Structures are given as structure tokens and as C-alpha cells.
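Asker: Can you keep this structure in mind? I'll have questions shortly.
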Amino acid sequence: MDLGTAFDASVARQPGALAFVDGELRRDFASWQKEIRCVAGGLSAMGLQADDRLVCIMANRYEMATLYWACQMLGAVFTPFNWRATTNDIAFILEDADPQIVAFDDSCDEAVQSALGGFNFSEDALVTAGVDLPGIAFAKLLKSDPVNSPVGARDEDICLMLYTSGTTGKPKGVPRSHRAERTAAASVIAHLRYRFGDCALGVMPLFHTMGIRILLCSMMINGALINMRGFNGAAALKLIEDENINSLFLVPTMFHDMLAQETFATDAMSSVQNIAYAGMSMTSELEQRCVERFQPEIFANYYGSSEIFTFSVCDHLDRKPGSAGWPGINQKIRVVRADADGGAMPNETLSPNEIGEVIATMESPEAFRGYWKRPDADEKAIRDGWYFTGDLGYFDEDGELFLAGRIDDMIISGGENIHPEEVEDTLSDCDLVSTAAVVGLPDERWGQKVVAFIEAASEKAGAKALDEFCTNSALARFKRPKAYVFVEALPKSASGKLLRRHLRDGDYVVSPKFDSTLQELDSKEREE
């Protein structure tokens, strides 16, 4: 069953059930279906056909979710992208995805408008929401003649293309089929034991696999998705209480921020039955606080990726903190010899407690079939029917998986992928910096925080000055370092190769010319 038909089936089951809430806007399944069909009709009139891509760059909102479902009705490929991205990143996506239509809102209109300047999109190929700019306003699409029914896409047709960062830092397109998306959602429902009619918090970005997954899960169980356009710990707690939200599928940073609120009250969280985290690691201390404060029936670590979705799930973190659990119901995983150069093969499996690279079978019905126009990435990641995750881990004696970092140096902070080289390139353009190296260090709130190690070119160098430089550069805000360490010299091998692991392990000499070894930026300045 394609996703458009699956949505119609949910409408037939419970047309009056609450489906989506965005502030004052509330839609049941039947009324939302009518609007989705009108928007689909409008997009069709704009020229969007089956297999065409619609690039959507918006913060979470009703319009974005509606555009997603309208694409499913038409057999088109919904292609969301991070609204916080830079102009250069957006321009790359527009070139790479080759979309028929581009939709955007007021969260990113300046960057999108700037990126569009390098292309020949007509105003009739643009959809806008919340902003008065050339293009077709979303409100106008709602007045279009509706489509009568979904086109009836095949299971293997592509319905979604997510973009995920690669080893070069350039985003890679991850095409996902109707079958893979539907199966992945069913897997979440089974593993996290969601119930018919459960109400979920919709704060994970709809350009992220977790955000899309909860949107799909809510449809499949006729549950309500309570949208948040931007996360705030206090506001999230109020929304959970006001809407009697049952399930939270978030990154650890969000749990950290909710627990940090003075207004947090366990009694007010009584509706919450299922909580799960993914996208980054969670400290054992934070896991314990989640158990004590939320008192959920289910608390799970859901380990996966945009490409494969489910790798493994642990739903007993109260008994085994830090575990990534056992392979998912549609998955087989192995731990094999780690080789950053890509020389390891699927049969080079390791014994319990030996750290190696985690790999997953491509036989899973949740898996993608390869990257968009990137045979080089396919060759690196897929070998003999197995997907090489780039994650390090090991199985314990019980067969449970534990993760132990990345085989490469990518930083995952707040659920976002950040490549050190991009941050280093920005810092190297600053006259105050001689050499810079960037690593991710453990952080309870962010999972990892971006830390820059600096060989200074001037005594005027300091955290404030360098942060101001990064702020005024093309570097996205979420990629800016959260701390700076000034060192006498960066550790290097005999051949001159930077030894990042020495920085992560604290094996360096701090420069005495600066007052502190770790100049943390004010947390309020770095909320974004």
C-alpha cells in the first residue's frame, strides 16, 4: 500500500479523530484529507507529477506536513531540507535534487531567495508560507480543485528524499521508497508499543528521519501529532500537559532541557507513557533522570539512520544503561573489523566486547537502495549486501550492542551532523588563528559539543572574538564551536597528520598566554 492510500485508509477508520495540531489550528483526519487533496490539486496544476521532487525548506508547521501528504497523493518525492542551512548548502540541494517545485517559509526566506538567484525557477514554481514574496502562496493552493484519489504508487517507488551529511561534508540524497517508509513506521510502532490513538509531540524536524517517522506513525495509528515550530523546554512541558501527550521521540538534548526546567513536575507528565531517544548518545546520568522524572512505561534507545532506519532498539535502559539493544525486527547487524579506509568486509566479524564497525544488512525492508547520484558513496558504504554505518561498537555477552563513537570524526551535536573540516576551514580564514582543529567532546545536553583547539596567531585571540568571526561567516549557527581551547601546538604524527584522538583524550599542552584552558561561551548565547 502506498502512503497516499494509507492516509485515506486512516480517514476511513476514524474520520473524526484529531490528526494534527499547530497552535490554534486543529484538524481531524477527514478535514485534513480535504485540504491535502486540494493542495495536491494545486501542485498538480503547477506541473508536479509522479517521481518529480518538491524541495521543502520550512520549520515544522501545518503547511509543511500538508505538502508532505500532498506529494504522497501525487506520487511525487517530498524532499525536505534544513531551514537553518546556509545559502551555499541550499544552492547545492537545488542543483543536486533538480526539483520541479521549491517551497519555503519565513524561517529561511533570505537564504532561499539568495540561493534561488543562481537558478532559473519561475515564480510559478515557488510555494511560500508565512511570507509575502514572489511565488504561489500556500493559502492559494488550498483553494485549488482537489485530486479525487491517490495515484497509486508502487511499493518501490520513491516517496521521500532526505539529505544526510557525508564524509566530505556535502549532503547526500537518501531516496526512500513507500515500502521502506511504511515498514520503518510500523517498526517504530511495534518496538515502542504505540497504541491506537496515541498523541505524539511533533517537534523533531520534518527534514529529519525522526520527524517524518512520527508523522507517519501518527497517521497509521490514527493518533494526533501536536506540532511545535521550535523547541523550548518550558513550552514543551506545557504542551505535553495541555494536550495529554502520550509519546516522546526526541534527541537527548530536548530531554535534558525539559528536565532542567523549574516547572517540571512528574505528576503533570502522567499522560506520557512512551519515551525514546535517537540521533545521538545519552549519558547514563541523563538516562537515570529520565526514568525517575518521567516514570514512563517504555523508555528506549532507538539506534538507526536515514538510510536503513532501524539498526537496534533497547527498551530496558533502566536495567542496562547505555545499551543500544538487540537488532530490530527487520534487521540483522554485525560488528566487524574497523577500517577507516573501507577495507573491511562483512565476514570479518569480531568476538564479544571487541570494538569494531557496526554494519547492517541491506535485506531489511526498511533500507534504502543507494544514494542519489552518488555511486562513490554507495561503493564506500555498501559492500556485499551490507551497509557500513561508520559507527564503532561491540556486542556484550548477552548479544546487546553498545556504541563507542565514530570511525571517522564527524560530530553529532543536538542530532545534527557537523564535519570538523568545515568549521576548521572557517576558523583558518581568521587573522587571529594560526591553525585550528575541531573535535566533538561529550556533553550531557548536546551529546557532543563542538570544541575548537586553536594555535593562536595573536594574543588578541579569544573565545568571544572567534565566535564573533564565525557568526559573521557563512558557517551555520549550529556548527559554531561552543568552546575554545588555546594550545601551544596541535598534536600531529611524524608525517604531519593531525591526531584528533589526542585532543579528545586531553593529550595536549595548553598555552599559558590565555587565562583559561576551556573558554566556554555563555549558554544563553548559544541556545540556537
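Asker: Which residues, taken from the stretch 178-206, are touching a residue at least 40 places away in the same chain (Cβ under 8 Å), under 18 Å from residue 72 (Cβ atoms) and surrounded by fewer than 23 Cβ atoms within 10 Å (Cβ to Cβ)?
Answerer: Across the stretch 178-206, the qualifying residues are 179, 182, 183.
Asker: Looking at (1) over 30 Å from residue 221 (Cβ atoms); (2) in a loop (DSSP other than H, G, I, E, B), which is the one condition that is false for residue 155?
Answerer: (1)
Asker: Also, quick follow-up: Before we move on, is residue 435 surrounded by fewer than 22 Cβ atoms within 10 Å (Cβ to Cβ), of a type outside the set (Asp, Glu), assigned to a strand (DSSP E or B) and out of contact with any Gly (no Cβ under 8 Å at 6 or more places or on another chain)?
Answerer: It is true that residue 435 is surrounded by fewer than 22 Cβ atoms within 10 Å (Cβ to Cβ), of a type outside the set (Asp, Glu), assigned to a strand (DSSP E or B) and out of contact with any Gly (no Cβ under 8 Å at 6 or more places or on another chain).
Asker: Let me ask you something else. Take residue 149 and tell me if it is out of contact with any strand residue (DSSP E or B) (no Cβ under 8 Å at 6 or more places or on another chain) and within 11 Å of residue 39 (Cβ to Cβ).
Answerer: no
Asker: For the stretch 453-466, enumerate the residues that are surrounded by 17 or more Cβ atoms within 10 Å (Cβ to Cβ) and either touching an Asp or Glu at 6+ places or on another chain (Cβ under 8 Å) or polar (S, T, N, Q) (or both). If you could, list the steps in order and put the result at the bottom.
Answerer: Taking the stretch 453-466 first, the residues surrounded by 17 or more Cβ atoms within 10 Å (Cβ to Cβ) are 453-454, 456, 461-463, 466.
463, the sole residue that qualifies.
Asker: Return the total of residues in the stretch 94-129 being in contact with a Ser or Thr (Cβ under 7 Å, 6 or more places away or on another chain) and surrounded by fewer than 18 Cβ atoms within 10 Å (Cβ to Cβ).
Answerer: Residues that pass the stated criteria total 1.
Asker: Let me ask something additional. Is there a residue being in a helix (DSSP H, G or I), touching a helix residue (DSSP H, G or I) at 6+ places or on another chain (Cβ under 7 Å), assigned by TED's automatic domain parsing to the domain that holds residue 474 and closer than 28 Å to residue 370 by Cβ anywhere in the stretch 415-429?
Answerer: Yes: the stretch 415-429 contains one or more residues that are in a helix (DSSP H, G or I), touching a helix residue (DSSP H, G or I) at 6+ places or on another chain (Cβ under 7 Å), assigned by TED's automatic domain parsing to the domain that holds residue 474 and closer than 28 Å to residue 370 by Cβ.
Asker: If you don't mind, another one. State yes or no: is residue 449 surrounded by fewer than 20 Cβ atoms within 10 Å (Cβ to Cβ) and among the basic types (Lys, Arg)?
Answerer: No.
Asker: Filter the stretch 301-321 for residues that are of a type in the set (Phe, Trp, Tyr) and touching a helix residue (DSSP H, G or I) at 6+ places or on another chain (Cβ under 8 Å); which is surrounded by the fewest Cβ atoms within 10 Å (Cβ to Cβ)?
Answerer: Among them, the one singled out is 302.
Asker: Identify, please: which residue in the stretch 489-508 is surrounded by fewer than 18 Cβ atoms within 10 Å (Cβ to Cβ) and of a type in the set (A, V, I, L, M) and is, among those, modelled with the highest pLDDT?
Answerer: Result: 489.
Asker: Based on this model, can you work out whether residue 182 counts as within 15 Å of the chain's Cα centre (by Cα) and basic (Lys, Arg)?
Answerer: no
Asker: Can you work out which of the residues in the stretch 405-420 that are of a type in the set (Asp, Glu) and farther than 19 Å from residue 484 by Cβ is surrounded by the fewest Cβ atoms within 10 Å (Cβ to Cβ)?
Answerer: 408
Asker: Answer yes or no as to whether residue 102 is closer than 14 Å to residue 47 by Cβ, modelled with pLDDT of 95 or more and of a type in the set (A, V, I, L, M, F, W, C).
Answerer: Taking the combined requirement at face value, the residue satisfies it.
Asker: Then there's this: Is there a residue in the stretch 179-197 that is closer than 30 Å to residue 86 by Cα, part of a strand (DSSP E or B), in contact with an Asp or Glu (Cβ under 9 Å, 6 or more places away or on another chain) and modelled with pLDDT of 95 or more?
Answerer: No: zero hits.
Every residue, every condition in (1) surrounded by fewer than 16 Cβ atoms within 10 Å (Cβ to Cβ); (2) touching a Ser or Thr at 6+ places or on another chain (Cβ under 6 Å); (3) in the same structural domain as residue 96 (by TED's automatic domain parsing); (4) outside any loop (DSSP other than H, G, I, E, B), yes or no:
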site	(1), (2), (3), (4)
323	no, no, no, no
340	yes, no, no, no
345	yes, no, no, no
377	no, no, no, yes
391	no, no, no, yes
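Asker: Condition check: surrounded by 15 or more Cβ atoms within 10 Å (Cβ to Cβ), more than 16 Å from residue 101 (Cβ to Cβ) and either at pLDDT below 95 or in the same structural domain as residue 77 (by TED's automatic domain parsing) (or both). Does residue 33 satisfy that?
Answerer: Yes: the conditions hold for residue 33.
Asker: Does residue 201 satisfy being within 18 Å of the chain's Cα centre (by Cα), modelled with pLDDT of 95 or more, part of a loop (DSSP other than H, G, I, E, B) and not assigned by TED's automatic domain parsing to the domain that holds residue 60?
Answerer: no
Asker: Please find, among 486, 514, the residue that is part of a loop (DSSP other than H, G, I, E, B), in contact with a Phe, Trp or Tyr (Cβ under 6 Å, 6 or more places away or on another chain) and either at pLDDT 85 or above or surrounded by 13 or more Cβ atoms within 10 Å (Cβ to Cβ) (or both). Break it down stepwise before answering.
Answerer: Numbers: 486 fails: part of a loop (DSSP other than H, G, I, E, B).
Step by step, each of 486, 514 is checked, and only 514 is part of a loop (DSSP other than H, G, I, E, B), in contact with a Phe, Trp or Tyr (Cβ under 6 Å, 6 or more places away or on another chain) and either at pLDDT 85 or above or surrounded by 13 or more Cβ atoms within 10 Å (Cβ to Cβ) (or both).
Asker: Tally up the residues in the stretch 81-98 that are assigned to a loop (DSSP other than H, G, I, E, B) and in contact with a helix residue (DSSP H, G or I) (Cβ under 8 Å, 6 or more places away or on another chain), please.
Answerer: We begin by selecting, within the stretch 81-98, every residue assigned to a loop (DSSP other than H, G, I, E, B); these are 81-86, 98.
Next, only the ones that are in contact with a helix residue (DSSP H, G or I) (Cβ under 8 Å, 6 or more places away or on another chain) stay: 81-82, 84-86.
Number satisfying all stated conditions: 5.
Asker: Also: If you scan the stretch 1-39, which residues turn out to be part of a helix (DSSP H, G or I), touching a residue at least 60 places away in the same chain (Cβ under 8 Å) and aromatic (Phe, Trp, Tyr)?
Answerer: 7, 29
Asker: Sort out which residues of the stretch 347-373 are in a loop (DSSP other than H, G, I, E, B) and either polar (S, T, N, Q) or in contact with a His (Cβ under 7 Å, 6 or more places away or on another chain) (or both), and write them in order of number.
Answerer: Correct list: 347, 351, 353, 364.
Asker: Just to be sure before I move on: is residue 301 polar (S, T, N, Q), part of a strand (DSSP E or B) and at pLDDT below 95 in the structure I sent?
Answerer: Against the criterion (polar (S, T, N, Q), part of a strand (DSSP E or B) and at pLDDT below 95), residue 301 does not qualify.
The values are calculated or read from the model by the stated rules, or taken from the named source; none is laboratory data. Owing to the predicted nature of the structure, the values given are computational and were not obtained by experimental measurement. Neighbour counts are summed over all protein chains in view; Cβ atoms, including those assigned to glycine, are modelled from backbone coordinates with ideal geometry.
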